[in-house]
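Everything below concerns the one structure shown next.
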Amino acid sequence: MGEPATRLTAQAALDAFFAAYYRRRPVTATFTGVHDHDSMLPDWSPDGLADAVSEMRDLRRTLVDAGHGRESEVPTFPEGVDLALADAFLEIQIAEHEGPRFYRGNASLWTGEAIFSVLSLVTRDFAPVTERLASATDRLDAIPGFLAAARHTLVRAAPEGTARAQRECTAAVTLFAEASIAAAAAFRELGAWIAASLATRARHEDANEDFLALLIRRGHWVDQSPAALLAEAREALAESIRSLDAMARPYGGWHTVQDTLAGIHPTVEAYLPRFQQIWDDCHAAAAEHDLVAWPEAPIRYVPIPAHTRAVAPHLYYLFYRSPAAFDRVDVYDYVVPSIDADLPSSLQAERLRAANDSVIKLNHVIHHGAIGHHVQNHHAYQGRSRVGQVAAIDGASRIGMFGGGTMAEGWACYACDLMEEVGFLTPLESIAQQQTRVRLAARSVVDLAMHTGQMTLDEAVAIYRDRAGMPDGAARSEAAKNSMFPGTAVMYWLGVRGLHALRAQQSRRDGRAFSLRRFHDALLGHGAIPVALVDRLMTNETVSHPG
């Protein structure tokens with residue numbers, strides 16, 4: 001008899017998975033700190049998508065050969081869990097590659113990928129400038145071919161993605177006018193083609209409850225159906241609105257509170273220092289209450305760079321973009337809108353009211369730059385899960401892997417609740433935090449209802465405007481974003497709900513021995529993997545994926 005075939009190791013299978021992941025997604029690789037493909041753009045031509053699907057099916061078989069899915073085995077952390085998460089990612093990606101909604105139906109994915117292929121190289125000082133500029137030049141040279149392929153792949157158009165793509169084309173012409181005449185011309189031509197041809201095919205995408213169910217089950221690791229989650233989300237929205245009304249009533253209602261908070265802001269001179277001051281206070285409060293191990297990862301708040309300032313409002317230009325997991329920098333730059341002394345006083349006042357102390361504290365410090373995303377990211381980067389290290393890193397249009405969302409966004413929202421618990425918020429800021437809970441619940445209702453065919457885009461706008469108290473423009477923008485990325489808006493609510501439930505369960509189990517810091521450190525040590533999966537790991541349940 002011949003020798004039995006050697007079983008593929010989990011690490012070898014994961015090596016193959018990540019090699020393909022970065023090669024097929026070179027811009028995401030750059031953002032992650034993997035620089036083998038910095039001169040490339042992805043191949044999203046029809047043949048390229050078909051080839052990627054074939055490779056992903058082969059990779060799924062490789063993961064099975066390495067042990068994923070064997071009923072007699074329980075996936076272990078980290079290797080077994082990484083095999084399961086890699087397989088889930090591939091299944092979702094195959095559905096996206098073959099379906100009409102993403103590469104074949106969302107023009108903004110193309111424009112965002114092309115624009116940030118260059119910005120990912122020039123806005124972060126991860127290598128000598130000559131190396132980065134050489135790669136940026138290669139990508140600029142590749143943009144005309146990449147955008148030409150869009151005209152062959154895009155066969156339908158959601159109005160929201162089409163409108164966003166047109167704005168981004170206009171911004172890109174301005175952005176690249178001096179760096180590359182050919183790239184700027186390619187964006188101008190694509191914008192004209194979108195207006196003349198693609199926009200005429202624009203229609204709202206049909207609901208696809210099966211795809212949404214796949215995202216919930218395989219991406220978020222949640223066993224409940226979209227219908228069951230929608231019923232819970234509707235209850236959560238109603239309850240959060242009742243709580244907001246009760247909290248705000250003594251102050252004249254939420255809109256009065258909002259106006260009062262807008263008036264509590266720094267002067268122009270104190271604007272940038274206020275960010276660092278509140279960051280330092282947050283760090284000190286977390287240490288005082290022994291909330292979590294805070295990695296050594298300094299941040300500085302700086303104005304949006306001058307060369308991208310004019311176009312930033314028209315792009316997916318994040319104030320806090322996840323640091324690259326594999327690029328080490330001494331200090332991370334968190335960009336914020338500039339408020340210069342030479343601006344007209346009316347514009348200064350408008351920007352200061354928008355970036356008031358409450359917004360700085362809750363959004364720019366707690367949620368993003370301090371105990372929220374920044375601390376969670378650095379715990380993930382130091383963790384043992386290879387998927388968990390990179391899943392929540394921001395790419396050109398969304399995070400690297402869908403499954404990283406409930407932990408990344410859930411933790412950042414939970415962190416705001418946590419800092420409220422320890423008294424870091426003023427009474428008015430606590431009302432603002434309650435309004436955020438309303439918005440998270442509204443997002444979940446819209447996401448689940450829209451993608452099960454129970455809500456139109458206009459009805460979604462009405463939910464945000466009339467129940468979540470958002471201005472009409474912001475409500476329309478939020479609804480449009482929800483329509484483009486099914487299963488994404490619900491991840492905030494699923495994540496924060498799951499974290500509170502897991503903490504309560506662990507606290508009951510440990511009794512007086514329960515430690516917030518020990519719980520948080522163990523939780524974050526799993527990396528950016530689904531909260532529902534971490535729940536099963538931390539409560540020692542059998543980890544069998546609901547797929």
Any hit, the range 537-544, residues being at pLDDT 95 or above, outside any helix (DSSP H, G or I) and more than 16 Å from Gly403 (Cβ to Cβ): no
Within the range 306-329, residues surrounded by fewer than 16 Cβ atoms within 10 Å (Cβ to Cβ) and farther than 22 Å from Asp38 by Cα come out as Ala306, Arg309, Ala310, Pro313, Phe319
Just give me the residues in the range 97-131 being free of Cβ contacts under 8 Å to residues at least 40 places away in the same chain and crowded, with 17+ Cβ neighbours inside 10 Å, in sequence order. Phe102
Specify the residue that is nearest to Asp280 (Cα to Cα); the eligible residues are those in the range 372-419 that are of a type in the set (Asp, Glu) and surrounded by fewer than 24 Cβ atoms within 10 Å (Cβ to Cβ). Asp417
Checking Arg201 against (1) under 30 Å from Leu121 (Cβ atoms); (2) charged (D, E, K, R); (3) touching a residue at least 12 places away in the same chain (Cβ under 8 Å), which single condition isn't satisfied? (1)
Find the residue count for the range 336-359, including only residues that are closer than 19 Å to His373 by Cα and in contact with a strand residue (DSSP E or B) (Cβ under 6 Å, 6 or more places away or on another chain). 1
Of all residues in the range 511-536 being out of contact with any helix residue (DSSP H, G or I) (no Cβ under 8 Å at 6 or more places or on another chain) and of a type in the set (D, E, K, R), the one that is modelled with the lowest pLDDT: Arg536
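Here's the yes/no breakdown for (1) within 21 Å of Arg386 (Cα to Cα); (2) among the hydrophobic types (A, V, I, L, M, F, W, C):
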{"position": "His35", "(1), (2)": "yes, no"}
{"position": "Pro42", "(1), (2)": "no, no"}
{"position": "Leu49", "(1), (2)": "no, yes"}
{"position": "Val53", "(1), (2)": "no, yes"}
{"position": "Asp58", "(1), (2)": "yes, no"}
{"position": "Arg61", "(1), (2)": "yes, no"}
{"position": "Gly67", "(1), (2)": "yes, no"}
{"position": "Pro78", "(1), (2)": "yes, no"}
Tell me, which residue of the range 222-248 that is of a type in the set (Asp, Glu) and part of a helix (DSSP H, G or I) is surrounded by the most Cβ atoms within 10 Å (Cβ to Cβ)? Glu232
Within the range 466-485, can one find any residue that is on the phi > 0 side of the Ramachandran plot and at pLDDT 95 or above? no
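The values are calculated or read from the model by the stated rules, or taken from the named source; none is laboratory data. Computed from a predicted structure; not experimentally measured. All Cβ positions, glycine included, derive from the backbone under ideal geometry; neighbour counts span all protein chains shown.
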